[in-house]
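In what follows, a single structure is set out as structure tokens and then discussed.
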Amino acid sequence: MANSTALHSNITQVSVDSNKNIESLRMAYLILLVLCFCIFLYFLTIILSVYFTTAHIRENTRYVLFVYMLINDTLYLVLGFFLVVFNIYVINLPVPLCIVLVILSLTSFMATPYYLAVMSLERYVAICYPLRHAQLCTPQRSHAAIAIIWAVGFSPCVADFIALSSSVETKYFSLSGICGRPMLIKTPMQNNMRYITIIFSFTMVGLIIVYTYIRIMLIARKLSSNKSSAFKAGKTVILHAFQLLLCMSAFTSHFTETYLKDYFAFFPITNFLLLMCLPRFLSPFIYGIRDEVLRKYIIKWHSFAITLG
């Protein structure tokens, strides 16, 4: 009897220690995520300061699209972070609030590849039609393109909400639960619409990026002057393709969480950090620090911030 009690006590202690280790690792992941997010916000603040205080940058279509893509990614990261924390610590939210958060999160998630496509098209016009670039790519048209991006990203969410509303009773919207897309999926049609939208969107964006890259490289081979600008534009489009691939890796999270969550207790937060956040954390470095004009201002603002500190 004493041996049985001791064995039970040991098992209980191991279970407690295991839970403590899991909680410690989960907290370490959250701290790492917050640190990465702080670094991202630091560079975002500098880039926004440069953008809103420098007239010729604010009038450049390339920088308009880049800055609004960063703002879009920041919105997605903030919403995604809170949703992950709510899921980890089992915090229930009212269904209406959850719907708003999920729609904003999904819309900003889908908007990122659209920004990459429009930015690739801007580089395509700049190299292939340089005489018409100033006419075609204006700040006003950039803002119109941004509005279209959000409208296109928002449309599937509207269709999804209509499908949800038609399949549940009114009292469903007065309930609370763990907020996430699974909570809002009530019919197979919703999943089908989501997969069709994602596949179509990323295929079209991929084709646009490939087309613009091929056209830019063909022009670069023909140019006798300004060849370096064309090759630099080609490299930028390749970076768009690289970031698109990183964004597409997010779709593997559903399968990895389904089949590996029993072996890895904090798999959701790992997926969120590596597959959702990483492509967006890289944006200020890929497009901001790499750009000669922005890099000069970023260094200047960074030095100014250190002086103030």
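Bear in mind that the values in this text are calculations on the coordinates, not laboratory data. All figures in this text were calculated on a predicted structure; none of them were measured in a lab. In this analysis, Cβ positions are derived from the backbone assuming ideal geometry, glycine residues included, and neighbour counts consider all displayed protein chains.
So the values come out like this:
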read-out: Non-local Lys pairs in region 28-308, i.e. 8 or more apart or on different chains, that have alpha carbons under 28 Å apart; value: 10
read-out: Size of electric dipole in region 28-308: Cβ of Lys, Arg +1 and of Asp, Glu -1, about Cα centre, debye, nearest 20; value: 1000 debye
read-out: Electrostatic dipole magnitude of region 138-241 [Cβ: Lys, Arg +1; Asp, Glu -1; Cα centre; debye, to 20]; value: 640 debye
read-out: Karplus 3J(HN,Hα) series, Hz, for region 70-77 with 6.51 cos²θ - 1.76 cosθ + 1.60 (x for Gly, Pro); value: 5, 5, 4, 5, 5, 4, 5, 5
read-out: Diffusion coefficient, µm² s⁻¹, Stokes-Einstein with Kirkwood Rh over alpha-carbon pairs of region 28-308 at 4 °C and 1.567 mPa s; value: 63 µm²/s
read-out: Residues in region 33-68 reached by a label modelled at Lys300 [backbone nitrogen below 17 Å; 7 Å Cα→Cβ]; value: 45-60, 63
read-out: Residue (of Phe37, Leu83, Thr236) at the positive-pole extreme of region 28-308, dipole from beta-carbon charges; value: Thr236
